[in-house]
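What follows is a single structure, written as structure tokens, with notes after it.
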Amino acid sequence: MKDQLPAVRSLEDPASGVTRIYDRNNNLIAEFSTQWRDPIPLDSIPDNLINAIIAVEDRRFYEHQGISWFDIVRAFVKDLTSSGQISGASTITQQLARNRFLTFDKTMQRKLKEFFLAREIERNFSKDEILEMYLNEIYFGSGAYGVKAAARRYFGKSVSELNLSECALIAGIPRQHNYYNPIRNYQASVERRNLILKMMLDLGYINETEYVQAKNDSIVVQPHYLLSGIAPYFVEEVRRWLISHYGINRIYQSNGGLDVYTTVDIDVQLAAESLLEDGIQQVESNYNLKPLKDDEDAISEDGRTRYLQGALIATIPQSGEIIAMVGGRDFNESEFNRVTQSARQVGSSFKPFVYVAAIDNGFTLGDVMLDAPVVIDLGNGEKYKPINYDHKFEGFMTLRFALAKSRNTIAVKLARHIGISTVISYARLFGIKSQLDPVYSLALGSAGITPMEMVGAYQVFANGGIRIDPYMIERIEERRGNSSYTIYEHTSHPTRVISKTTAYLMQSIMSSVVSGGTASYAARLANLTRPAAAKTGTTDNYTDAWLVGYTPDLCCAVWVGFDSLRTIYRSATGGTVAGPIWAKFVVKASSILEIPPNSFPIPEGITSVRICKESGEIATPNCEEQYLEIFIQGTQPYEFCHIHGEFFDSEEQQEFIDDTVFTNIEF
């Protein structure tokens, strides 16, 4: 095994790898390593920070020769029932060996290699040299490697300016850098700081007065982004993907480095960030929402924001390329990515999954249902009484107008008829992975789902029934000397989940949402004239506002709300809050990408019939409200409107049918 281990003297050479991130047009948007790892000598690091690290990570550091047998015995007892998984007991020297040379696999083989390397490091370097390398290597989360980067990342200051309280907090991060990250989990990081201060007191590093004062100090986190700030949420998501697939060492310490070619379009990304911010500021201004982003109390102690937030993700539906991702209003203030990490109730934007399941199970867009109060007996004396968002009922209407007007009662009736389990199975087919409880309120979007999932699911409609999952990375090349080698290339796996005809019916019905339904205000405001289909989402108590939709060439989801489950304002709907952002983005992105106003292709097997809006049957001249509806061939009505009666002889009737029924006519 010793013969297979790397030479520890290579620790003297700084990690030279640079991972570069490019957009879809080969524009450099970020670099990992050179800007995020900034080594400094040990004598420039405060004693309080050094002592805090030693106290929490390896209090016997200056006593052992790389391995602490006392801690190993303690961990061994704990690991007797671990089924091969090895835990804890790593000294600072062992951690340095693992960070630079090994993986993080919890196996006996890796642990043995770590032992040998730690002993070799101790033979070749002094304790102070080991400690200096460790403090410049260790990962503090949020892309910060080394104590200098950590001080800048979390407090916006140099490491020499850190006070005792801040030193203890930073020292507590490496053990679980996600959980003890003060930006993401303020309270947990403060509790760990207090624990480390107590350790320092017990070891004699600080006195009682210093301990009490530091424990009572109020930590003020002042996040500072370590890169240029271009597409920060997207870049961070790419970084996490790279680490999960290749490990930290290969990204930051490869001899050559990686070139990562992504799907994001930086011009579209910048437009998305600007339009989301402008749209939210407009809502804040119109309704006098507080606090604002620049107010002193805008950041809560847990790292979330108290001001109104939003998220936007856009894709090319035919390929699944993510061309824009905005996970929040300010990455410096909140790294929480609301596109990928925030599963919020989606409201009526879930209804298309109910309708597509209904169409595949015998319903047509011309079927008439009653928008009226409905009571469902759930058993045990419980009853479910869905109401519409406007607290009104509009009587009989076809399914087209029921979705366009987002009538909750009809969505619940459909779900009840086809079965809530059928609705769930269709949502799964479309790529929804979040928890979906088998309750009738699911038909109204009671489930928490991420914008990433929603945009991926709506791509199925845009793709004529084919599912292609969204992705961020096209290919990765590794530089070795003067050569580059492709180590990853994205491969899509398209899967048909619904028929072309069903997808076209859904496109048509959701086009009505844009042309005359709950998204029509936003479309007019943005002068959106190209073919588009969408669905708004509004939740109970107006806590979440959604609009998810697509054109033939672009798919986009927008969410707006507070991080806490707080009402945006009374009557804040998806159409009025998220809708304008979505519509303006679609117009702007289509212009940037020079996308012509393409129409949705009409598949074979579609028939159009002029029907009575009231009965859903073939319209007669006496039908006051009639319109052209589309059907899958064989499902169209064959009877004239029974409400407005027969009125002509058989020859006139046939002539009227010829003028009324069309095949392959675009709706």
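Values in this text are rule-based calculations from the coordinates and carry no lab data. Predicted model only: the values in this text are computed from it and were never measured. Quick reminder, even Gly has a Cβ in these numbers, built from the backbone with ideal geometry, and neighbours come from all protein chains shown.
A few points about this structure:
- Only Cα pairs under 8 Å and 6+ residues apart enter the sum, and on that basis the relative contact order of the chain stands at 12 percent.
- Residue 474 long-range amide H proximity, modeled H, under 5 Å: 261, 262, 263
- Diffusion coefficient of the chain by Stokes-Einstein, Kirkwood radius over Cα pairs, 4 °C, 1.567 mPa s: 46 µm²/s.
- Per-q log10 I(q)/I(0), segment 144-208, q = 0.21, 0.22 Å⁻¹ (Debye; single scatterer per alpha-carbon; no solvent): -0.83, -0.90
- Placing unit charges on each Cβ (+1 for Lys and Arg, -1 for Asp and Glu) gives segment 118-218 a dipole about its Cα centre, and among 206, 145, 194 the Cα reaching farthest toward its positive end belongs to 145.
- Disulfide-incompatible cysteines by the Cβ rule (no partner under 4.7 Å) in the chain: 167, 555, 556
- Karplus-derived 3J(HN,Hα) values for segment 459-465, using 6.51 cos²θ - 1.76 cosθ + 1.60 with θ = phi - 60°, are 4, 4, 5, 5, 8, x, x Hz; glycine and proline are entered as x.
- Quotient of Cα Rg and 2.2 N^0.38 Å for segment 399-455, N being how many residues it contains: 1.12
- Tail weight of P(r) past 17 Å, computed on alpha-carbon pairs of segment 443-483, percent: 55
- Local electrostatic count at residue 319 - Lys and Arg +1, Asp and Glu -1, tallied over other residues with Cβ under 11 Å: -3
- With respect to the chain, whose longest principal axis is taken over its alpha-carbon atoms, helix 108-124 is tilted by about 40°.
- Sorting 474-483, 113-122 by their mean Cβ neighbour count within 10 Å, with the most densely packed peptide first, gives 113-122, 474-483.
- Taking 0.36 nm per residue of sequence separation and removing the Cα-Cα distance, the residue 209/residue 435 pair yields an extension gain of 76.3 nm.
- Cα-centred dipole magnitude for the chain, charges only on beta-carbon of K, R (+1) and D, E (-1), debye, nearest 20: 1880
- Cα centroid separation, segment 359-416 to segment 455-488 (Å): 40
- Between helix 69-79 and the chain: long-axis angle, C-alpha atoms, 0 to 90°, nearest 10: 30
- Cross-link reach list, lysines versus residue 383, counting only Cα pairs under 29 Å and skipping chain neighbours closer than eight places: 351, 392, 405, 413, 433, 535
- Computed log₁₀ I(q)/I(0) - Debye formula, equal Cα scatterers, no solvent, segment 229-387, q 0.08, 0.12, 0.17 Å⁻¹: -0.42, -0.81, -1.11
- Structural size metrics of segment 492-646, computed from C-alpha coordinates, are Rg and Dmax of 18.5, 58 Å.
- For the chain, the longest principal axis of the C-alpha atoms and the axis of helix 127-137 are separated by about 10°.
- Sequence ranges 128-135, 48-55, 555-562, ranked by mean other-Cβ count within 10 angstrom, highest first: 555-562, 48-55, 128-135
- Figure legend: label point modelled 7 angstrom from the Cα of residue 515 along Cα→Cβ; residues of segment 583-598 with amide N under 17 Å from it are 597-598.
- Ordering of 232-242, 448-458 by packing is 448-458, 232-242, highest average first (other Cβ atoms within 10 Å, averaged per residue).
- Here's the picture: a label point sits 7 Å out from the Cα of residue 270 along the beta-carbon direction, and within segment 589-604 the residues with their amide nitrogen under 16 Å of it are 589-594.
- Stokes-Einstein D for segment 369-498, Kirkwood Rh over Cα pairs, 10 °C, 1.306 mPa s (µm²/s): 90
- Summary value for segment 528-612: 30 percent relative contact order, contacts being C-alpha pairs under 8 angstrom separated by 6+ residues.
- Residues of segment 178-222 falling in the label zone of residue 63, defined by backbone nitrogen less than 18 Å from a point 7 Å along Cα to beta-carbon, are 199-206.
- For segment 136-282, relative contact order (Cα pairs under 8 Å, six or more residues apart, normalised by length) works out to 20 percent.
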